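One structure is given below, encoded as structure tokens.
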Amino acid sequence: MSTIPEAVTATESAPGHSVNAYLRHKLYRLECERDSMQTRVARLEAKRNVLNQQVRQLWEESILLQESSCSLADVIKPLGDRKALVKVHPDGRMIVEVDRKVDMAEVVANARVALRSDSYKLVRVLPSQVDPLVALMKVEKVPDSTYDVIGGLDKQIRMIAILFSGRYLILVMSVMAILTGFIYNDYFGLAFPLFGTSISYASPDDQFGISEGVYAFGMDPNWHWANNSMTFINSYKMKMSVLLGVSQMIWGLFLRLVNLLHFKKYLELFGSWIGEVIFMFGIFGYLCFSIVYKWLHHWPNPDVAPSLTNMMIQMFLTPGYIDFPLFRASGPAFQASLQGVLAAVSIGAVVWMGCVIPIAACTRKPTHYETLPDHTPEGETKHVEEEDDEDGHSLGDIIIHQGIHVIEYCLECVSHTASYLRLWALSLAHSQLSEVFFEQLMDIGLHMNVPTALRAVILCGLFCAWLGFSAAVLLAIENLSAFLHCLRLHWVEWQSKFLEADGYEFAPLAFEPVTSLIDSAIVARKESAD
């Protein structure tokens, strides 16, 4: 009776057993497939990481290739405040700044380092070994020919490329030339009565005209036809050049103030910049004020009008003496007192610039004394030579450097103000050339006593000649000359007030690095999301 149920139970459980076996087999296959997929995913992730690392390396290499070449130097000794004394061949020894990316622990004596060629900033510590392959590949002789010699039209193509790259600059120069022509009412040596005239004459034979008010814009055309036009226009252009020059130099001084505040050079701001501003405003600011003041007041008798050149000379050579007062209402005593105060303040500013920084350096670095050995008499001391500061400058070097800076600045203020008079000289030369071209070509044709038809033909030929001379001389040669003069005014007279020229190389506007950075950011975001 007991065996029958067991047989029935075994028969009933056989189908369930086969289903479980099938499911276990299916589950095993799925687990194997899952493990295979996980292995494949891990392999792909590793490959992706390798590719990303290669992309980063290529990007870093491209950045390095775009940078300027570095100079090789040897470290003599590291200094404090991320600076080091290095030896550069063949320039000699110099103190350079260490980049923040460089570990100061690696900057040790006799270490080979790389310096930026533009700013001499230590940017990398090189390995001490020398690659023999690289050493043997150095060029010993200069080649006999270069690519420029056999480059065909490469030189001409580069000249055209230079002109094309400066198209916006040429456009701005053209617009400014047209604006200057409107201001001076000078169009190729001719003056046009665009707004009529503000000068009237009682009769055609009168020598002096009467001004009826201020001209609408620019210069009255009658000044170009007056007998004293050269005297008036030259005086006006000369004073305008001084005003523009002093204004630009003062602007440069305030740009230097921004630099000093940004780099936290408060001692240089207090000991040098304040004196420079006082000196500039005390002498040349007063000169500009006198120019504008003299313009705004009427001088019916030119013989008693003050000469600003003599006034500035007498301000220092003969203080207290006023031949013709500028401030007629206050009298010469007020002007003498004012000029005396300005001269004293300007001289005090020079003393301030020359003394504050050396005194501050002296207080920061006191003289050291030490006791002699025991065999010397008791209490005897010896003087220890003062060591250099962190910048490698001794107190004597600071005094000499500051003295040279003060002398250079005072002389530069005078010479740079006079250098801006080149604007007046250029304007005078251009106006005279335009006038000569018109008088020697077009004016001759206009006054010929020939038939009208023949005169028209002659005028066409003379006009072509006048246009050719004007385009070749004024629009090409003199335009380039004016550009070079203005470039010099920006480089020397203006930038010397604030630019130290030890920063980064100029990088023109380019969109390719920006788009590359955007693409890299997108790839990095996708990686972080995955």
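The values are calculated or read from the model by the stated rules, or taken from the named source; none is laboratory data. Note that the structure is predicted; figures quoted are calculated from it, not measured. Positions of Cβ are generated from backbone atoms using ideal geometry, with glycine treated the same way; all protein chains shown enter the neighbour counts.
For the reader, a short list of remarks on this structure follows.
Matching residues to (1) buried (at least 16 other Cβ atoms within 10 Å of the Cβ); (2) at pLDDT 85 or above:
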position: 87; (1), (2): no, yes
position: 107; (1), (2): yes, yes
position: 110; (1), (2): no, no
position: 114; (1), (2): yes, yes
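- Qualifying residue in the stretch 455-465 (condition: assigned to a helix (DSSP H, G or I), of a type in the set (Lys, Arg), at pLDDT below 85 and surrounded by 15 or more Cβ atoms within 10 Å (Cβ to Cβ)): yes
- Residue in the stretch 285-308 that is of a type in the set (Lys, Arg), touching a Pro at 6+ places or on another chain (Cβ under 9 Å), surrounded by fewer than 17 Cβ atoms within 10 Å (Cβ to Cβ) and free of Cβ contacts under 8 Å to residues at least 60 places away in the same chain present: yes
- Within the stretch 182-197, restricting attention to residues that are surrounded by fewer than 16 Cβ atoms within 10 Å (Cβ to Cβ) and in contact with a Gly (Cβ under 6 Å, 6 or more places away or on another chain), the residue that is modelled with the lowest pLDDT is 187.
Residues checked against (1) closer than 26 Å to residue 490 by Cβ; (2) in the same structural domain as residue 471 (by TED's automatic domain parsing); (3) within 24 Å of the chain's Cα centre (by Cα); (4) touching a residue at least 40 places away in the same chain (Cβ under 8 Å):
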residue	(1), (2), (3), (4)
187	no, no, no, no
210	no, no, no, no
251	yes, no, yes, yes
260	yes, no, yes, no
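- Listing of helices (runs of 4 or more DSSP H) fully contained in the stretch 211-283 that carry 2 or more residues being closer than 30 Å to residue 344 by Cβ and in contact with an Asp or Glu (Cβ under 7 Å, 6 or more places away or on another chain): 229-262
- Criterion applied to 483, 438 was being aromatic (Phe, Trp, Tyr), more than 30 Å from residue 119 (Cα to Cα) and surrounded by 12 or more Cβ atoms within 10 Å (Cβ to Cβ), and the one residue passing it is 438.
- Boolean, residue 84 is outside any helix (DSSP H, G or I) and hydrophobic (A, V, I, L, M, F, W, C): yes
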